Amino acid sequence: MDAYAAVQAAGLYSNTTIQICSGSYINQPIQLTPITSSSPSATLTIQGSTSNPGDALFRITSSSIDYALKVDGASNIEFRNVMFDIDYHASRSKANPVLVTDYSSNINFINCLLEAPVPPPASGSGASFAVARLKEFDGILGFYDCIFNDGTMGISAEMTPTGSPAQLIVKRSTFSEQSETGIESSINFRGSNIELRNNTFLNSQNVIYTGILCDQTTADFEARNNLFVLSNTTTTTGIEASANNVLVKNSLLHLTDCQRLKGVYVHGETNKVEITKTSIYETFPSASMHTILNEGIVFEGPFPDGFKTQQALLITWNTYQSEAPHLSNGIRMNLNGRKIQYLMDVSDNKLLYDNLTMYSNGSYSGISLQGNNTEVNKTRINGNEIRFQKGTAGVFDALNVGISIENLRRIKFFDFFNNTIELGKQSSPSGRGISLKNIKTSTGMPSLWPVWVGNNMVSVENNSLDLYGIKAEDVDQLRAYHNSVHIFDDEGASAASTSPNVASFYVGESSPGSMSDTKLWNNIWSNESYGYNMKVTCTSCLLESNKNLFAPFGAFRVLGSGLTSYTTLVSWQGSGSNRDLNSLVGAPMFLANNDLHIQGITASKAWNQGGWLTYPPTDTLLKEDIDGDSRFSLDIPDIGADEVPVSNKWGSTSEESFEDA
């Protein structure tokens, strides 16, 4: 380019523009080497003469030329309204319309159109056919309002100097039909920041595809407001990140007939992870398409030896809605050996499975948190909505769990409040609404750090011999207050049918003494199917149980230690101390089998029958019900997760008018 050579000769001391005349420049690649004499604040702009990039087209048709633009050590250059394109040729071994090398720095592309060919079958893959290959760069490299078509990758960001402040910024750009990855940064990207905002990723090829891949970098990773529209991909990942700090926010993934899905996948050596306000929707209009272990959000190892501390893990306000015929994991976290120093918050997520019709083998959860001697200072699992809804036919054939939490230790604050869980009809082998296992409080002062489980609604349609609404095993200092659990069977069940492994609530220990100091207050244990209202297999773990409502199908049923069956409340009360002395048997009068709000009428045994006998609750999450309605001190609380508003009880129009009266 003669104009660039003239700038090199004269030096760049102020902002300068090179205007490209409209036209097609065939087999005229551009190579930009450093301008040796320049001002650090001066920028060279190379732009087309119109706002249409196609009017300034640099196209490569020769098989011997493998780039249209090569920025080779140059700095402070901006491209506007230009198109770079390489045509397909069967003999090509590489083709990068834009190639950045020799640590070029501060390069920006604005409103540019970049097109790479589809790789020939024998040519290999990877970055050799990336649309924009950033092989070596420094400083800021940005793409704004650009279009990336075809190739293996839209952007491949590969090498930056160790300790450099290099940044990759991509905004308002579209990545269409790449065969491998939309944007990929490799392990050798050692810069400070990757910022990806308001981009669109489109793919309908039958390929293994990842929209955004950030691999083992020390940089901070931020992906906001990105849209993914993907279909027919055989293995699909929307966003995969392993970085210092990871933020994924306000992104939308719309997936059609995609398999082996991970919507957002974060792993490895991270410091702080926040995934919030991201929505994942998957549909399967093709009857022949069967999902294989699709997952909405995944956080897991491998974690390097010696790296055990993470500041925070926040997964909040996300939606995963699936019409897949098979079950899948909504949110899965594997914290093997990881220590969360400040906060783990998995709250206000919505996980909906709308059309479960096929048999699935394995274990699946709406939310799954698996630790292995994992230490967490403060844990919040609050306000999640999980619904496994059966389609017009079919049953589940797997261990299906609404929320599963296992193997945490040295817990100081554990809040598990205001979750709504609905499981459709269960078939062999088993199901759990909530499963808590091996959760140990902080050593030395366990009584100061109870495991709070309150204001949860769990409804389960039953056709199983191994089913629990809430199952707690080896949990220190369990405080289960104001939960509503309901097992039902729309096809009818016999009151005489009793399975020792079906109960609304289960508390037990794997070995004597591994669980103690359990308190159960103001819960509804409803079972209108076979099995039991409550199952207690530990001999001394139940410290207090009171003001609960047992809603049986037929006779009262509690299964105690040694598989002793109690068929009346009186017999259960006499079996030990503090055994439901002020509890009741009767109908809670739920609004529906899958809506466990109680009707605001005196016929409900839950209405005005709770109590503050051994607490008042100091936690504000217990002072209010699942909907935020107050359980204030002038009123007698209702049993269960729902508090009928004062206006329904007393005729007042508000809590304020009741207090004034």
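The values are calculated or read from the model by the stated rules, or taken from the named source; none is laboratory data. As the structure is a prediction and not an experimental result, all values here were calculated from the model. Note that we place each Cβ from the backbone using ideal geometry, even for glycine, and neighbour counts take in every protein chain shown. What goes into the accessible areas is simple: the full protein's heavy atoms, side chains included, and nothing from ligands, DNA or RNA. Shrake-Rupley method; radii C 1.70, N 1.55, O 1.52, S 1.80 Å.
Couple of notes before you dig in:
- Top-ranked residue of the range 401-415 - restricted to ones that are over 20 Å from Met534 (Cα atoms) and open to solvent by less than 10 Å² (accessible area, probe 1.4 Å), ranked as modelled with the lowest pLDDT: Ile411
- Restricting Tyr359, Tyr320 to residues that are at pLDDT below 90 and of a type in the set (Phe, Trp, Tyr) narrows the list to Tyr359.
- Some residue of the range 593-610 being more than 24 Å from Lys471 (Cβ to Cβ), of a type in the set (Val, Ile, Thr), open to solvent by 10 Å² or more (accessible area, probe 1.4 Å) and not in a strand (DSSP E or B): yes
- Any hit, the range 20-40, residues being under 45 Å from the mean Cα position of the chain (by Cα) and without any contact (Cβ under 8 Å) to a residue 40 or more places away in the chain: yes
- Test set (1) farther than 27 Å from Glu422 by Cβ; (2) modelled with pLDDT of 90 or more; (3) open to solvent by less than 60 Å² (accessible area, probe 1.4 Å) - Phe590 fails condition number: (1)
- Residue within the range 181-188 that is buried (at least 24 other Cβ atoms within 10 Å of the Cβ) and either in contact with a Lys or Arg (Cβ under 6 Å, 6 or more places away or on another chain) or not in a strand (DSSP E or B) (or both) present: no
- Restricting attention to the range 265-296, the residues that are within 14 Å of Gly330 (Cα to Cα), modelled with pLDDT of 85 or more and open to solvent by 40 Å² or more (accessible area, probe 1.4 Å) total 1.
- Annotation: Lys135 fulfils all but one of (1) surrounded by fewer than 22 Cβ atoms within 10 Å (Cβ to Cβ); (2) under 14 Å from Ser179 (Cα atoms); the unmet one is (2).
- Taken as a whole, the condition of being more than 28 Å from Arg380 (Cα to Cα), buried (at least 20 other Cβ atoms within 10 Å of the Cβ), within 35 Å of the chain's Cα centre (by Cα) and modelled with pLDDT of 85 or more applies to Tyr532.
- Residue count for the range 231-264 under the criterion of being open to solvent by 30 Å² or more (accessible area, probe 1.4 Å) and in contact with a Lys or Arg (Cβ under 6 Å, 6 or more places away or on another chain): the result is 4.
Conditions (1) of a type in the set (D, E, K, R); (2) open to solvent by 10 Å² or more (accessible area, probe 1.4 Å), marked per residue:
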{"position": "Phe84", "(1), (2)": "no, no"}
{"position": "His89", "(1), (2)": "no, yes"}
{"position": "Lys94", "(1), (2)": "yes, yes"}
{"position": "Tyr103", "(1), (2)": "no, yes"}
{"position": "Leu113", "(1), (2)": "no, yes"}
{"position": "Gly126", "(1), (2)": "no, yes"}
{"position": "Ile147", "(1), (2)": "no, yes"}
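- Looking only at the range 149-173, residues that are open to solvent by 30 Å² or more (accessible area, probe 1.4 Å) and touching a Gly at 6+ places or on another chain (Cβ under 9 Å) come to 4 in all.
- For the range 7-19, the set of residues classified as open to solvent by less than 60 Å² (accessible area, probe 1.4 Å) and either without any contact (Cβ under 8 Å) to a residue 60 or more places away in the chain or aromatic (Phe, Trp, Tyr) (or both) consists of Val7, Gln8, Gly11, Thr16, Ile18, listed by residue number.
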